[in-house]
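Engineer: My questions will all concern the structure given below.
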Amino acid sequence: MSVLELCDPEVAKVSLEASAADAIRMMLDRHVGAVGVIDSAGRVAGIFTERDVLRKLALGRHDPESTPVRDVMTTPVEMATLATGPGAALTTMIDRHFRHLPVVDSNGKLLGMLSIRNLLQFRIDDLSQQLDSLEQYVSNDGPGG
């Protein structure tokens, strides 16, 4: 399974020219904790997260309306590709303490934003299915049922 299938249907993104306030409004409107920051070709230039809001805007005492998102985004960005599996993405996110991972094509164009929530829900569903299968197997009383 591609990690893109686990992403929200519509990716939250803003352009490099957007303000930090624009990015925050996008996060609030979409109920997400991060937005991709893209260049004019749709390639990932950075990521802007709730942590950026706290560390760079709040503690730096910057005005979100007048601060360009490019000045407070995180860069460089670790990204997943269409070939990245859920297990590899989860390992990266846990090891690097990321809660969001952009999914890009071979040209770096943003296709989706993977959240740790998406991955954990996928893993819970998978484990539940395995448990159901094991319970069914154990409850069988002999050959043929």
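Coordinate-derived values only; no laboratory data. Nothing here was measured: the structure is a model prediction, and the numbers come from that model. All Cβ positions, glycine included, derive from the backbone under ideal geometry; neighbour counts span all protein chains shown.
Engineer: Only Cα pairs under 8 Å and at least 6 apart count here; give the relative contact order of the chain as a rounded whole percent. Display every interim value, and only then the final one.
Structural biologist: Details: 226 pairs, mean separation 39.8, N = 145.
That works out to 27 percent.
Engineer: What is the magnitude of the charge dipole of the chain about its Cα centre, with +1 placed on the Cβ of each Lys and Arg, -1 on the Cβ of each Asp and Glu, and no other charges, expressed in debye to the nearest 20?
Structural biologist: Numbers: 14 positive and 20 negative charges, 120 e Å.
With only Lys, Arg, Asp and Glu charged at Cβ, the dipole is about 580 debye.
Engineer: Show that you can apply the helix-only estimate: for the chain, add -39,500 (n - 2.57) for every DSSP H stretch of four or more residues, divide by all residues, and state [θ] at 222 nm to the nearest 500.
Structural biologist: Estimated from H runs of four or more residues: -11000 deg cm²/dmol.
Engineer: Right, here's the next one. Give, as a single signed number, the net charge of other residues whose beta carbon lies under 11 Å from the beta carbon of Met79, with Lys and Arg counted +1 and Asp and Glu -1. Can you show the working numbers first?
Structural biologist: On the way: positive: Arg43, Lys109; negative: Glu78, Asp105.
Neighbourhood net charge equals 0.
Engineer: Tell me, in nm to one decimal, what length is gained between Ala83 and Glu17 on full extension, where the rule is 0.36 nm per residue of separation less the Cα-Cα distance? Intermediate values should be presented prior to the final figure.
Structural biologist: Numbers: separation 66, 0.36 × 66 = 23.76 nm, distance 3.02 nm.
Gain on extension, Ala83 to Glu17, equals 20.7 nm.
Engineer: For the chain, take N as its residue count and report Rg(C-alpha) divided by 2.2 N^0.38 Å. Walk me through the numbers on the way to the answer.
Structural biologist: Numbers: Rg = 19.1 Å, N = 145, 2.2 N^0.38 = 14.6 Å.
Normalised Cα radius of gyration, the chain: 1.31.
Engineer: Another question about this same structure. Radius of gyration and Dmax for the range 91-145's Cα atoms, expressed in Å?
Structural biologist: Taking only Cα atoms of the range 91-145, I get Rg and Dmax of 18.2, 55 Å.
Engineer: Now for a separate question. Compute the signed sum of charges (Lys and Arg +1, Asp and Glu -1) over the other residues within less than 14 Å, Cβ to Cβ, of His100. Write down the numbers at each step before the final one.
Structural biologist: Working: positive: Lys13, Arg30, Arg51, Arg96, Arg99, Arg117; negative: Asp8, Glu50, Asp52, Glu78.
Within the 14 Å Cβ shell, the charges total +2.
Engineer: Can you list the residues, at least 5 places off or on another chain, whose amide H is less than 5 Å from the amide H of Gly46, using H built in the peptide plane?
Structural biologist: Val37
Engineer: In the chain, if the dipole is taken from +1 on Lys/Arg beta carbons and -1 on Asp/Glu beta carbons about the Cα centre, which of Ser66, Ala12, His31 is farthest to the positive end?
Structural biologist: Positive-most Cα among the choices belongs to Ser66.
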